[in-house]
Amino acid sequence: MWDELYAVGRVLVPIVFIVAGFQKLWDIGSVARTIASIEMLHRHLFNFMGPMGFAYLVAVIEIVGGSLVLIGVWTRFAALILLIYAAIVTFTLHDFWNMQGVARDGNQIHFLKNLSIMGALLMIAAAGAGRYSVDKK
């Protein structure tokens, strides 16, 4: 029974990334504008790629990484990539400690939710894909 529960959990965790990735593709211009507004990226990444290229990269990381965890292919690697991505997004976009009022409250919830997701990704990275996965076959 534990193998089955683990498989369900491993399938549920990456859904948020897959859905968010497709939403980004459907509105890539908005994502690029948000990325362009992040000051830290101007210094480090915009010399390498512009906001639109970075927006596509983010969407691909979410869709491909989430799909790999979902089906259990290269699961540990994909979970670690998603963990790093989630940590960057969490500390860059949900810096509630620099906010006031409703924005602070909403971003604190997103920050804590993302910490929970990162915890689940750590467990998946540690335990691997589990019995019901392509990795196990």
Quick calc: nm separation of the 7 Å Cα→Cβ label points for Y56 and V102 -> 3.6
Can you find, among V134, G53, G65, the residue farthest towards the positive end of the dipole of the chain? Put +1 on the C-beta of Lys and Arg, -1 on that of Asp and Glu. V134
To the nearest 20 debye, what charge dipole does the chain have about its Cα centre, counting +1 at the Cβ of each Lys and Arg and -1 at the Cβ of each Asp and Glu? 200
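Would you mind calculating the relative contact order of the chain from Cα pairs under 8 angstrom and at least 6 residues apart, reporting the percent as a whole number?
Numbers: 153 pairs, mean separation 42.9, N = 137.
Contact order relative to length: 31 percent.
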Using only Cα atoms and rounding to the nearest 10 degrees, what angle (0 to 90) does helix 75-93 make with the longest principal axis of the chain? 30
Quick one: helix 51-71 against the long Cα principal axis of the chain, what's the angle to the nearest 10°, folded into 0 to 90? 10
In the set (i) 123; (ii) 112; (iii) 143, which value of volume of the Cα convex hull per residue in Å³ was calculated from the structure you see? (ii)
For the chain, set up a Gaussian network in which alpha carbons nearer than 10 Å are linked by springs, and say which option among G65, G106, G119 fluctuates the most. G106
Hey, with R₀ at 22 Å, roughly what FRET efficiency would A36 and V73 work out to, going by the Cβ-Cβ distance, to 0.05? 0.10
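Every read-out reported here was derived from the displayed coordinates using simple, explicitly stated rules and does not represent laboratory data. None of these values were measured; they are calculated from a predicted model. All Cβ positions, even for glycine, are placed from backbone atoms using ideal geometry, and neighbour counts span all protein chains on display.
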